[in-house]
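Right, one structure below, let's go through it.
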Amino acid sequence: GEDVEQSLFLSVREGDSSVINCTYTDSSSTYLYWYKQEPGAGLQLLTYIFSNMDMKQDQRLTVLLNKKDKHLSLRIADTQTGDSAIYFCAETPGGYQKVTFGTGTKLQVIP
Amino acid sequence: DTGVSQDPRHKITKRGQNVTFRCDPISEHNRLYWYRQTLGQGPEFLTYFQNEAQLEKSRLLSDRFSAERPKGSFSTLEIQRTEQGDSAMYLCASSISRGHGEQYFGPGTRLTVT
């Protein structure tokens, strides 16, 4: 298939961990990205992972990559209300030239 | 570094009119991309430039759409004879052609066609 798939919605309590999952399409994607979009704003690059890595940690963010299953996840530790946003995973099929985005997961953080 | 800027931020136009959007990338970035985002969807790739050369166009980019980057710096996206289906957020991004290739996005131009 051509679609990068994500679940549409996730609700967590403040202080808990959030895990957002993504299934991408192209095993030749060199980099995989996570972007954050707040209401009315553009996309903010959160983190990326190179395809030869299994895991990357960056402060509260942990990215896990399972190339065999083409599965990518983003874990946010100690989720805060400011983390409420839409999170997009994205791949670079065939190289860097364009990015294919998933449909986005809306994260709602309950105080 | 002022980031990627887009102008205007909002545009309301009547069906059949032409509109033009501008994107100013991060100054040292040689690649520039245009995406379209509709409500509830992720951005969809439209086209990209390396310097002044337009290297790829999506099949989403109909004949009514044209993009230019004449001096390899800012870019314009023109939509001729707008249709209601063109209503969307138009996003611009830029990157360098080495390193990790990550794209940095502007705030977007929201187009409403009435």
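How charged is the neighbourhood of B:Cys23? Take every other residue with its Cβ under 15 Å from the Cβ of B:Cys23, and add Lys/Arg as +1 and Asp/Glu as -1. Residues close to B:Cys23 contribute a combined charge of +3.
One equal scatterer on each Cα of the range A:26-111, no solvent, Debye formula: the resulting log10 I(q)/I(0) at q = 0.20, 0.21 Å⁻¹ is -0.94, -1.02.
Close amide-amide hydrogen proximity is noted between B:Arg110 and B:His10, B:Lys11, B:Tyr90, each under 5 Å apart and 5 or more residues distant or on a separate chain (H modeled in the peptide plane; Pro and chain starts excluded). Annotation: peptides B:51-64, A:64-77, ranked by per-residue average of other Cβ atoms within 10 Å with the highest first, follow the order A:64-77, B:51-64.
So what's the range B:35-97 giving for Cα Rg divided by 2.2 N^0.38 Å, two decimals? Please report the intermediate quantities before stating the final value.
Working: Rg = 12.0 Å, N = 63, 2.2 N^0.38 = 10.6 Å.
Compactness ratio reported: 1.13.
Straight-distance candidates among the aspartates and glutamates for linking to A:Lys67, with alpha-carbon spacing under 16 Å and chain neighbours fewer than 8 residues away dropped: A:Glu5, A:Asp26, A:Asp54, A:Glu91. Can you check what the net charge comes to around B:Ser94, using other residues whose Cβ is under 11 Å from the Cβ of B:Ser94 (Lys, Arg +1; Asp, Glu -1)? Residues close to B:Ser94 contribute a combined charge of -1.
What full-extension length gain, to one decimal in nm, is calculated for B:Thr13 and B:Gln50 as 0.36 nm per residue of separation minus the Cα-Cα distance?
10.3 nm
Counting only lysines at least 8 places from B:Lys71 when in the same chain, those with an alpha carbon closer than 20 Å to its own are B:Lys57. For the range A:41-81, the residues whose backbone nitrogen is under 17 Å from a point 7 Å from the Cα of A:Glu5, taken along Cα to Cβ, are A:66-74. Explain nothing, just the number: relative contact order of chain B, from Cα pairs under 8 Å at least 6 residues apart, as a whole percent. Averaging sequence separation for qualifying contacts and normalising by length gives 37 percent for chain B. Can you list the aspartates and glutamates whose alpha carbon sits under 15 Å from that of B:Lys11, skipping same-chain ones fewer than 8 residues off? Result set, ordered by chain and number: B:Glu78, B:Glu83, B:Asp86.
A cut-off of 5 Å between modelled amide H atoms, ignoring neighbours fewer than 5 places along the same chain, links B:Thr47 with B:Trp34, B:Ser58. Taken one residue at a time, the phi angles of the range A:20-35 give Karplus couplings (6.51, -1.76, 1.60, θ = phi - 60°) of 10, 10, 8, 10, 9, 10, 10, 5, 8, 4, 7, 10, 10, 10, 10, 10 Hz. Gly and Pro are set to x.
Quick one: pull the percentage of alpha-carbon pairs in the range B:1-83 with a separation above 14 Å.
Result: 66 percent of Cα pairs exceed 14 Å.
With Cα atoms defining each centre, the range B:38-89 and the range A:17-36 are spaced 25 Å apart in the structure. The Stokes-Einstein estimate for the protein assembly as shown, based on a Kirkwood radius over Cα pairs and taken at 10 °C with 1.306 mPa s viscosity, is a diffusion coefficient of 88 µm²/s.
A short reminder: the numbers here are calculations on the coordinates, not readings from a lab. Quick caveat, the model's predicted, so the values are computed rather than measured. As a convention, Cβ positions derive from the backbone with ideal geometry for all residues, glycine included, and neighbour counts pool all protein chains shown.
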